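Since the structure comes first, as structure tokens, the remarks are kept for the end.
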Amino acid sequence: MFEAFWDEDRYYSQSFRLGMIAALIFILLAFLLLPKEFTVTPYSLKKEITTVMEELPPELEKLAEPPPVARPQLPVAAAVPEEAEATTIAPTEFTEITKKPDITEVPIVPFWKVEVKPKPEYIPQPPYPEVARLAGIEGQVVVEALVDVDGKIIDARVLKSSGNQALDEAAVRAARDARFTPAKQRDMFVRVWVSIPFRFTLTGK
């Protein structure tokens, strides 16, 4: 048993040595047989490129030349005060542009929370839609309107519909023309939603 193990170990060591010797011989042959220098030849054009120069016609030469740029004149001190006043630039008048605040810049406070609540100053009576009048339709519309800081209505929508589109639209148009006193919260003008009821009734019915 020990003799067989010893034979296997000796065979492995001999094979390893033979492999190392063969590798060294292969590397030496590669250095001896392979070329030592590699020459790189530059790329040469297969066809020669020629440049042809042609003279431009006189008309095109004038167009190709850039126009002369006038140089600004240097300022010269005026000899007399009258000359300086004559060359003074006239005052420029312009209209100042003021930006109206967006709806998000002014806070919208709930009606129940406002300290000084808006009061109606003018609530127009909407005209009765002819379609609803001929059909004998009556109803009540409640419009929710947004009162701005100046008391004008900047937005309106139907809060409670009458069931008829013509009556609802007439009520919304009338609500946009309504006027209120501005609402205040902590001594600051704010926007607030208010409810405006409109009743449409046919007389003599």
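What follows draws every value from the coordinates through simple rules; no lab data is involved. A quick note: this is a predicted structure, and the numbers were derived from the prediction, not measured.
Over region 111-200, what is the relative contact order in percent, taking alpha-carbon pairs closer than 8 angstrom and at least six residues apart?
This gives 43 percent for region 111-200.
How much length, in nm to one decimal, is gained on full extension between LYS160 and PHE111, taken as 0.36 nm per residue of separation minus their Cα-Cα distance? Let's see the in-between values first.
Working: separation 49, 0.36 × 49 = 17.64 nm, distance 1.75 nm.
15.9 nm is the gain from fully extending LYS160 to PHE111.
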